Structures are given as C-alpha cells and as structure tokens.
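Trainee: A single structure is presented below for examination.
Nothing in this text is a laboratory measurement; each read-out follows from the coordinates by a stated rule. Owing to the predicted nature of the structure, the values given are computational and were not obtained by experimental measurement. Cβ atoms come from the backbone with ideal geometry, glycine included; neighbour counts cover every protein chain shown.
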Amino acid sequence: MADEINPITGQEYYAGNVEDVKDFLKVFHIKSSAGRGRLETVTELSDETVHRYMQRVEQMIDSYLSELYFVPIRPYKQVMPDGNTAEIFPGRLRRISQMWAATLIVQAEFENLEPNVNEIAVTFLEQVRRELYSLTLFTQRIPGAVYRSNWSKTLSPNMQPPLPIPESF
C-alpha cells in the first residue's frame, strides 16, 4: 500500500500509512478485560483516528527538530538494489513516528488493559524520546535533511559559534 499524504504538509506521513501503525500496534497484544474498554481490538480502530495520531506525532517531531533542521523532513532519493531510485524517509524517523503514534493510541484509546501493556507503552515512549533526542546530537544526522545553520549547510547548529553580541552605544 502506498504511503498516505498529510493534508497539512502535503507530503507523505513520516509513519507511512495506517496499516503500518496498526501492524506496530500488534506488538502490544491488546486484550481488553471483560469488554469494558473503549475499543476491544486493533481492528476496531478507524482510519481517521489513526490519521489524527499520525498527524499529532508528526507535528511533535517537527516542533522538536525545527531548531536544527528545516521541517517538514523531506524524503530523499536512494538507489535500490535493482538499480531504480526510490524516495524514502530515514528508517529511524519512520520507526520513531510509528512507535510514537502506536504508543499514544494505546494510552488514549484503550482502557482496562492488562497491567503489562501500559508498562510496555511507557517504556516505548521513553525509548522514542531517547531516539528523537539522539537525532539532535551533532554525531547523528538525518540523511537528506538540511541543517538550519547560520554558518554552513553542513555544520550542525548546536556546534556553530554563537552570533556576535551587539554593542550598545
């Protein structure tokens, strides 16, 4: 299935499509106890609900990365093994987006879950935040992304010298 288009940015979602997020939700093995939850299974999730969380996650990622990169992050061209080129998002960004959207869906849309599921969701959320933070370090760079730098296109903004302080008269 082709990636879906975000109506706000006009480009593909970082997470890919709804089916990718729903596949990631299967990791949680969601079983609602006695059917008292808002949703009982992943198959009951509507596409609009998943789109809402995908869009929210994309906005959070963009706001976090906007200090260092021009956002939204655009897909870049990569030569595939068969010799053709394809536009893809960096794998880490795609995985971060899928994990974050799935975690938010589990925490917000499902109730009365087994105790381990909520702990797994919290652990995934911490892991996502650590990975997103690692993308802001000067040793990690998002392939194909353009730095927002005052000095050089290749110099990370957190490594450039400070701007001169204006002298008061």
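Trainee: Is there a residue in region 67-79 that is under 11 Å from the mean Cα position of the chain (by Cα), of a type outside the set (Ser, Thr, Tyr) and closer than 19 Å to residue 10 by Cα?
Mentor: yes
Trainee: Okay, next question. What's the number of the condition residue 65 fails, among (1) under 27 Å from residue 147 (Cα atoms); (2) surrounded by fewer than 20 Cβ atoms within 10 Å (Cβ to Cβ); (3) of a type in the set (A, V, I, L, M, F, W, C); (4) in contact (Cβ under 8 Å) with a residue 60 or more places away in the chain?
Mentor: Exception for residue 65: condition (2).
Trainee: Please work out if residue 130 is without any contact (Cβ under 8 Å) to a residue 12 or more places away in the chain and either within 12 Å of the chain's Cα centre (by Cα) or part of a helix (DSSP H, G or I) (or both).
Mentor: Yes; evaluated as a whole, the condition is true for this residue.
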